[in-house]
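Before any comments, here is the structure.
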Amino acid sequence: RLVTVHPVRGIRRLKTDNTRDPYRDGWDEDSRERLLAACDAFTIKKGGHKEVHEPALGMLVRMALASGARAGELLSLRWRDIDFDEGVGVLYDTKNGENRVIPLGDCIEELAEWKQRARGQSDREKQNDIVLYNSFSGMPYQYRQHWQAVLKQCDLVGLRFHDLRHIAASEWVMEGYDSQLVGRALGHRSAAMTRRYSHYSAKSIAGLGRKVASVE
């Protein structure tokens with residue numbers, strides 16, 4: 001007998017928790033320093049014995065904090081997608097189906113050094129032109145286990161990689177960037193998605209008050 005109705009039709013998807021606020025959960029400048037330090041010191045076992053430095057995690061985390069991009073988007077980047085003169089990257093086939101330009105901030109200088117670093121690139125890596133790869137295998141970087149290990153080392157267990165996206169957006173709003181620009185950088189389809197960060201504009205609003213007072 002032919003099945004005429006899709007078996008999962010009518011089943012509601014579980015909602016993704018996109019309302020988390022890392023700052024309310026305790027994220028601060030000390031958290032950033034501990035996380036980056038742990039990433040920079042992170043090592044993996046080569047051949048099951050020798051400990052070797054794995055710099056890909058630190059690069060991935062810095063790019064996430066600079067760009068507000070998702071992990072999968074950053075891992076899809078190729079060198080041809082990065083404009084070193086403008087300091088941006090271009091993401092193709094993103095979650096909302098559109099191409100998107102992301103800021104890379106201070107990471108652009110580190111990325112330039114990363115590109116020039118000779119680390120025994122594999123034929124697969126050269127062919128794929130991938131930016132983020134495992135320095136031992138040369139394969140596209142698989143970050144999840146490394147991420148969890150680093151969180152334990154710096155006592156930030158519970159922090160999700162996706163939280164780095166929220167942190168980047170919150171910092172842009174606190175620095176006074178226009179919400180439409182922030183939404184474009186994040187790839188938001190609607191202004192409502194960006195408004196979740198609106199409470200971080202209090203510092204800019206307070207600055208407007210001081211400016212008005214000084215004029216009077």
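Some points to look at:
- Every residue from segment 163-177 that is exposed (fewer than 15 other Cβ atoms within 10 Å of the Cβ) and either in contact (Cβ under 8 Å) with a residue 40 or more places away in the chain or on the phi > 0 side of the Ramachandran plot (or both): G176
- All of Q153, Q180 fail the test of being surrounded by fewer than 17 Cβ atoms within 10 Å (Cβ to Cβ), modelled with pLDDT of 90 or more and under 18 Å from F42 (Cα atoms), apart from Q153.
- Filter result for K46 (more than 23 Å from T194 (Cβ to Cβ), out of contact with any Gly (no Cβ under 9 Å at 6 or more places or on another chain) and at pLDDT below 85): yes
- Cβ-Cβ distances below 6 Å connect the following pairs, each with a first residue in segment 91-115 that is open to solvent by less than 40 Å² (accessible area, probe 1.4 Å), a second residue that is at pLDDT below 90, and a separation of six or more residues or different chains: N96/R189; R100/T94.
- Residue in segment 64-84 that is over 30 Å from M193 (Cα atoms), open to solvent by less than 30 Å² (accessible area, probe 1.4 Å) and either assigned to a strand (DSSP E or B) or small (G, A, S) (or both) present: no
- Across segment 46-88, the number of residues qualifying as free of Cβ contacts under 8 Å to residues at least 24 places away in the same chain, farther than 22 Å from R165 by Cβ and not small (G, A, S) comes to 4.
- Residue match in segment 116-132 (condition: at pLDDT 85 or above and either of a type in the set (G, A, S) or closer than 25 Å to W27 by Cβ (or both)): yes
- For segment 26-54, taking the residues that are touching a helix residue (DSSP H, G or I) at 6+ places or on another chain (Cβ under 8 Å) and over 15 Å from Q148 (Cα atoms), the one that is least open to solvent (accessible area, probe 1.4 Å) is identified as W27.
The values are calculated or read from the model by the stated rules, or taken from the named source; none is laboratory data. If you're wondering where the values come from, they're calculated on a predicted model, not measured in any experiment. Counting neighbours? That spans all protein chains shown, and the Cβs are built from the backbone with ideal geometry, glycine included. When the accessible area is computed, the model is the full protein with side chains, heavy atoms only, and any ligands, DNA or RNA have been set aside. Shrake-Rupley method; radii C 1.70, N 1.55, O 1.52, S 1.80 Å.
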